[in-house]
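Taken together, the values in this text are just the output of simple stated rules run on the coordinates, not laboratory data. Every value quoted in this text rests on a predicted model; they were computed, and no experiment measured them. In this analysis, Cβ positions are derived from the backbone assuming ideal geometry, glycine residues included, and neighbour counts consider all displayed protein chains.
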Amino acid sequence: MAVLGVDDQPLFLDVAREVVAATPGFEWAGGAASGAEALDAVAQLSPGLVLLDVRMPGMDGIETAERISERHPDVVIVLMSIEDSAALAPAAATSRAAALIHKRELGPAMLRRLWSLHGGKGA
């Protein structure tokens with residue numbers, strides 16, 4: 001499964017890439033540093049899964065998720081944040097993202113679980 005990471009923090013993109021590389025059956029499609037870059041990258045790279053930071057300057061992750069979902073309904077989007085998920089849940093629910101997780105939860109087991117629960121939703 002090809003995974004696109006989207007985060008304005010290069011350090012977290014590195015972490016996400018390492019998690020994807022450590023997870024059998026997943027491959028890193030690329031990274032984007034903004035919502036606008038993410039829209040272009042999804043169109044060019046056709047990932048099956050997008051790991052998307054909620055808080056980014058300009059177009060935030062909620063709006064980016066909405067736009068990706070409109071244009072690419074088969075792409076599974078996982079919103080990620082360092083903030084309390086409960087506070088973000090209402091906005092995340094309107095974005096059509098499959099899940100909202102805390103960034104510290106991202107690891108191979110979580111990646112497999114998310115794909116197991118939400119992968120192939122458009123198939």
* To do: May I ask you to list pairs of residues, at least six apart or on different chains, whose Cβ atoms are under 8 Å apart, with the first in region 6-30 being farther than 22 Å from residue 100 by Cβ and the second being among the β-branched types (Val, Ile, Thr)?
  => 27/3; 27/20
* **Meets criteria (among the aliphatic types (A, V, I, L, M), within 12 Å of the chain's Cα centre (by Cα) and surrounded by fewer than 18 Cβ atoms within 10 Å (Cβ to Cβ)) for residue 36** => no
* Just a yes or no: is a residue in region 32-43 among the small types (Gly, Ala, Ser) and at positive phi? -> no
* Going by the conditions given, is residue 52 touching a residue at least 12 places away in the same chain (Cβ under 8 Å), crowded, with 18+ Cβ neighbours inside 10 Å and either out of contact with any Phe, Trp or Tyr (no Cβ under 9 Å at 6 or more places or on another chain) or at positive phi (or both)? -> yes
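If you go through region 55-62 one residue at a time, do you hit one that is out of contact with any strand residue (DSSP E or B) (no Cβ under 7 Å at 6 or more places or on another chain) and under 18 Å from residue 16 (Cβ atoms)?
Yes: region 55-62 contains one or more residues that are out of contact with any strand residue (DSSP E or B) (no Cβ under 7 Å at 6 or more places or on another chain) and under 18 Å from residue 16 (Cβ atoms).
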